[in-house]
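Please read the structure below before turning to the comments.
The values are calculated or read from the model by the stated rules, or taken from the named source; none is laboratory data. The structure presented is a predicted model; accordingly, all values stated were derived computationally and were not measured. Note that we place each Cβ from the backbone using ideal geometry, even for glycine, and neighbour counts take in every protein chain shown. Side chains included, ligands, DNA and RNA excluded: accessible areas come from the protein's heavy atoms. Shrake-Rupley method; radii C 1.70, N 1.55, O 1.52, S 1.80 Å.
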Amino acid sequence: MPEPRISVALCTYNGARYLTEQLESILRQTPPPDEIVICDDRSTEGTVAIIDTFIKEYPGIIRLFINEETLQVKRNFEKALRLCTGDIIFLSDQDDIWKANKVESISRYFKDHPEKNVVFTNAELLDNNSIIADTAWDKRSFNGEVKELCKDPAAMLRQLLLKWNIATGATMALRKKALSRYLPFPDFQNYLHDHLLVLQAAVENTLGFLDESLIIYRLHPEQQIGFRRRHVPPLLVPFYRVLQRAKKIMLAGKRRKEKQMIAAYLKKFTKESFPAGKAVLESV
């Protein structure tokens, strides 16, 4: 059986500061990807010029698509995923660093787990050019008992739907064959592409996770999404925390209604072989 073709879906927007390091880390993979599909959301600085330089150096591997209008993160990733032609598609942000064995490790995971369509991993966090102690899973409390509990597919679905997303999009990969079911992404305000992908896979019991840190996730103030750094003066921290608690209470009703709506949407992904998944949806 031939080795699966590897695609990378990379979305950019004003990412010139870190993009070169990210592209170099992707191209150093063993094995290297067969294609890197880049969808640029109308950058206004040097991002496209950097990509053009790489296209000249790696002809036939990098394909650039510049959006005719701004799509924002979710729709830009949807476009990039549709344009990928590989058997396995890796999602990529513009400002991280891939470890050299990322493609190899995840490709092996899919080979060993033919029943899984989507997988996510852990990530080391980079702050001010220094690796910090916490990982992405630490930040999202996906460790210890929670991680062990989520080895049960119903518990994983319950976590993703009723609590919070524990999967970072930049660590994820999926099988191309599943895209026809997962796209287009539905319009739920508080659910981005990565959360929707893992929810859809969790409902059909095709979601897995690999307990390795395979990227270095960069923390910086210009991030569009993810683990944003908030610079709050020390004297204002108590007021900031009160404000965040008040905001959470005010949004509770709206979030509850949205969870009910997405649970109804996810029912089309349920399988007779996974009745526990359907039970989780009906409990919302």
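Is it true that some residue in segment 124-140 is more than 15 Å from Ser7 (Cβ to Cβ) and surrounded by 22 or more Cβ atoms within 10 Å (Cβ to Cβ)? Looking for residues that are more than 15 Å from Ser7 (Cβ to Cβ) and surrounded by 22 or more Cβ atoms within 10 Å (Cβ to Cβ), one finds at least one in segment 124-140, hence yes.
Out of all the residues in segment 64-105, which are aliphatic (A, V, I, L, M) and either in contact (Cβ under 8 Å) with a residue 40 or more places away in the chain or in contact with a Pro (Cβ under 6 Å, 6 or more places away or on another chain) (or both)?
If we filter segment 64-105 for residues that are aliphatic (A, V, I, L, M), which is where we start, we get 64, 66, 71, 73, 80-81, 83, 88-89, 91, 97, 100, 103.
Correct list: Val73, Ala80, Leu81, Leu83, Ile88, Ile89, Leu91, Ile97, Ala100, Val103.
Candidates are the residues of segment 141-189 that are without any contact (Cβ under 8 Å) to a residue 40 or more places away in the chain and of a type in the set (Ser, Thr, Tyr); the one that is surrounded by the fewest Cβ atoms within 10 Å (Cβ to Cβ) is Ser180.
Could you please find all residues in segment 109-123 being among the basic types (Lys, Arg) and open to solvent by 60 Å² or more (accessible area, probe 1.4 Å)? Break it down into steps so the answer makes sense when it comes.
Residues of segment 109-123 among the basic types (Lys, Arg): 111, 116.
Across segment 109-123, the qualifying residue is only Lys111.
Contact annotation: residue pairs with Cβ atoms under 7 Å, 6 or more positions apart or on different chains, pairing a residue in segment 1-18 that is within 20 Å of Gly46 (Cα to Cα) with a partner that is open to solvent by 50 Å² or more (accessible area, probe 1.4 Å) and β-branched (Val, Ile, Thr), are Asn14/Thr44.
So, of the residues in segment 1-21 that are assigned to a loop (DSSP other than H, G, I, E, B) and not hydroxyl-bearing (Ser, Thr, Tyr), which turns out to be least open to solvent (accessible area, probe 1.4 Å)? Write out each step before concluding.
Here is the first cut: in segment 1-21, the residues assigned to a loop (DSSP other than H, G, I, E, B) are 1-5, 13-15.
Narrowing the set further to residues that are not hydroxyl-bearing (Ser, Thr, Tyr) leaves 1-5, 14-15.
Numbers: Met1: 219, Pro2: 112, Glu3: 144, Pro4: 49, Arg5: 96, Asn14: 55, Gly15: 7 Å².
The extreme case among them is Gly15.
For segment 22-50, the set of residues classified as closer than 17 Å to Phe90 by Cβ and either open to solvent by 20 Å² or more (accessible area, probe 1.4 Å) or part of a helix (DSSP H, G or I) (or both) consists of Gln22, Leu23, Glu24, Ser25, Ile26, Leu27, Arg28, Thr30, Pro31, Pro32, Asp34, listed by residue number. Against the test of being within 24 Å of Ser213 (Cα to Cα), at pLDDT 95 or above and touching a Gly at 6+ places or on another chain (Cβ under 6 Å), the options Asp93, Asp34 yield a single qualifying residue, Asp34.
Can you tell me which residue is farthest from Cys11 (Cα to Cα) among those in segment 76-108 that are part of a helix (DSSP H, G or I) and open to solvent by 20 Å² or more (accessible area, probe 1.4 Å)? Full working, then the answer.
Going through segment 76-108, the residues part of a helix (DSSP H, G or I) turn out to be 76-83, 102-108.
Then drop every residue that is not open to solvent by 20 Å² or more (accessible area, probe 1.4 Å), which leaves 78-79, 82-83, 104, 107-108.
On the way: Glu78: 10, Lys79: 9, Arg82: 13, Leu83: 12, Glu104: 22, Ser107: 21, Arg108: 25 Å.
It comes out as Arg108.
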